[in-house]
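Visitor: Can you keep this structure in mind? I'll have questions shortly.
The values are calculated or read from the model by the stated rules, or taken from the named source; none is laboratory data. Not measured: the values here are computed from a predicted model. In this analysis, Cβ positions are derived from the backbone assuming ideal geometry, glycine residues included, and neighbour counts consider all displayed protein chains.
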Amino acid sequence: MGSSFPGSISTLLDELPKETWYGSYLYNWEGFWYRGHHLSAAMAARSNFRANDSDVFLASSMKTGTTWLKAIIPRIMNPDVRITNDDDPLLKHHPNELMPSLEVQLFIANPNPDLSGMSSPRLFRTHVPFPMLPESVKNSACKIVYITREPKDTFVSSWHFMNSAITARGIDPWPMDEAFGTFCRGIHAFGPFHDHVLGYWKESRKRPEKIHFMRYEDMKKEPREELQKLACFLGKPFERDEDVDKVLWRCSLERLKNLEVNRHGVDPSLGIGYKHYFRRGIVGDWKNYFTGEMQQKLDLITAVKFEGSGLDFGY
Ligand code: A3P
């Protein structure tokens, strides 16, 4: 695709397959589902964004633990403030502000924003699937960190988050059975979820020096080891174990969810409280919501989709 798409975005959207999703529509473009304004911004980013070799990208499907890494990666990349309390940007900023999103923030109001004021190394995040990344992100020496999460927990987390977002706008919550059926059909923002994961997984196997693939469950189980691996991938290994522990504490769910900025701040992109980004943060929360039938159905979809890929979540 070049720098233009046919007609205005609304004309394009009229021609695309669409599905209802949490009181709004998702549109299918090249096999993936997007909110209209995110698709428009992702297209603009794909045309106009130029990566620098020193850039770091955090890529993920939604609700897979991105906020945790949005807090951690800036701590790793900026060793000057790695261990001082007073300089901690997390005291004043939700992690979203430390790693701006291409399609949710930077390219949404302006298809060609001026990013020259950003200090180096620039830190970005994105939810777009691998094929939709700007070519320079794929082909330059910039690094990509991808995080994913067990699909049942991802679904439950997104169901809570999206219902918080729509009820804040006065829209009725989407019943779990309807949302679940839609997720199982692959209809999910920036999804199908499994295809999103597989795109980055396969690429990370081909180019491990380019894409570092992480799972939320591994971070929960062995945070020190995972953090050290991440820091090495980013070329900023920790020299002292106590520094690893400090970063883990600073970026912990317990700390972040109790900071003033996250308790009372509002996400300007979605119009909902930042507090909704911090919920339970446990592995296996799906057990509190799923019937046996739901579990079997989604596990089967996951097993079929990931078969032969070498990726699993240990169920
Ligand atoms: P739950 O809804 O299961 O609690 P994302 O950051 O990609 O939007 O994912 C949100 C999920 O990550 C939520 O899961 C949230 O509670 C959890 N989370 C947010 N910050 C976290 C942190 N610092 N440590 C661990 N989990 C975190």
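Visitor: For segment 191-207, state whether one or more residues are among the aliphatic types (A, V, I, L, M), in contact with a Leu (Cβ under 9 Å, 6 or more places away or on another chain) and not in a helix (DSSP H, G or I).
Guide: no
Visitor: Can you tell me which residue within segment 39-81, out of those that are more than 16 Å from the ligand (Cβ to nearest atom) and under 23 Å from ASP243 (Cβ atoms), is nearest to the chain's Cα centre (by Cα)?
Guide: VAL56
Visitor: Could you tell me whether ASP195 is over 14 Å from the mean Cα position of the chain (by Cα), under 21 Å from LEU300 (Cβ atoms) and of a type in the set (D, E, K, R)?
Guide: Yes, satisfied.
Visitor: To continue, here is another question. Residue under question is ASN96, and the condition is that it be more than 14 Å from the ligand (Cβ to nearest atom) and among the polar types (S, T, N, Q); does it hold?
Guide: Against the criterion (more than 14 Å from the ligand (Cβ to nearest atom) and among the polar types (S, T, N, Q)), ASN96 does not qualify.
Visitor: Inside segment 15-50, can you point out the residues that are over 13 Å from GLY191 (Cβ atoms) and part of a strand (DSSP E or B)?
Guide: LYS18, THR20, SER24, TYR25, listed by residue number.
Per-residue answers, yes or no, for (1) within 12 Å of the ligand (Cβ to nearest atom); (2) among the charged types (D, E, K, R); (3) over 30 Å from LEU300 (Cβ atoms); (4) in contact with a helix residue (DSSP H, G or I) (Cβ under 8 Å, 6 or more places away or on another chain):
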| residue | (1), (2), (3), (4) |
| --- | --- |
| HIS188 | no, no, no, yes |
| GLY199 | no, no, no, yes |
| ALA231 | no, no, yes, yes |
| GLU239 | no, yes, yes, no |
| GLU242 | no, yes, yes, no |
| LEU248 | yes, no, yes, yes |
| ARG255 | yes, yes, yes, yes |
| VAL261 | no, no, yes, yes |
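Visitor: Just checking, which of ASN288, ASN258 is among the polar types (S, T, N, Q) and either under 23 Å from the mean Cα position of the chain (by Cα) or buried (at least 16 other Cβ atoms within 10 Å of the Cβ) (or both)?
Guide: Just a single option satisfies the conditions, and that option is ASN258.
Visitor: Which count do you get for residues in segment 161-172 that are over 16 Å from the mean Cα position of the chain (by Cα) and within 15 Å of the ligand (Cβ to nearest atom)?
Guide: Summing the residues that are over 16 Å from the mean Cα position of the chain (by Cα) and within 15 Å of the ligand (Cβ to nearest atom) in segment 161-172 gives 3.
Visitor: Could you tell me how many of the residues in segment 48-62 are buried (at least 17 other Cβ atoms within 10 Å of the Cβ) and out of contact with any Leu (no Cβ under 7 Å at 6 or more places or on another chain)?
Guide: Counting residues in segment 48-62 that are buried (at least 17 other Cβ atoms within 10 Å of the Cβ) and out of contact with any Leu (no Cβ under 7 Å at 6 or more places or on another chain) gives 7.
Visitor: Still on this structure, please answer the following. What pairs can you find where one residue is in segment 142-163 and more than 16 Å from THR66 (Cβ to Cβ) and aromatic (Phe, Trp, Tyr), the other is part of a helix (DSSP H, G or I) and more than 8 Å from the ligand (Cβ to nearest atom), and their Cβ atoms are less than 8 Å apart, with a gap of 6+ or different chains?
Guide: TRP159/MET176; TRP159/ALA179; TRP159/PHE180
Visitor: Check whether at least one residue in segment 279-300 is within 16 Å of the ligand (Cβ to nearest atom), among the basic types (Lys, Arg), free of Cβ contacts under 8 Å to residues at least 60 places away in the same chain and in a loop (DSSP other than H, G, I, E, B), and report yes or no.
Guide: Yes: one or more hits.
Visitor: If you check CYS251 against the conditions, is it buried (at least 16 other Cβ atoms within 10 Å of the Cβ), within 16 Å of ALA71 (Cβ to Cβ) and modelled with pLDDT of 95 or more?
Guide: Criteria met by CYS251.
Visitor: Condition first: closer than 29 Å to PHE193 by Cβ, touching a Lys or Arg at 6+ places or on another chain (Cβ under 8 Å) and in a helix (DSSP H, G or I). Can you find one or more residues in segment 105-121 that meet it?
Guide: No, because not a single residue in segment 105-121 is closer than 29 Å to PHE193 by Cβ, touching a Lys or Arg at 6+ places or on another chain (Cβ under 8 Å) and in a helix (DSSP H, G or I).
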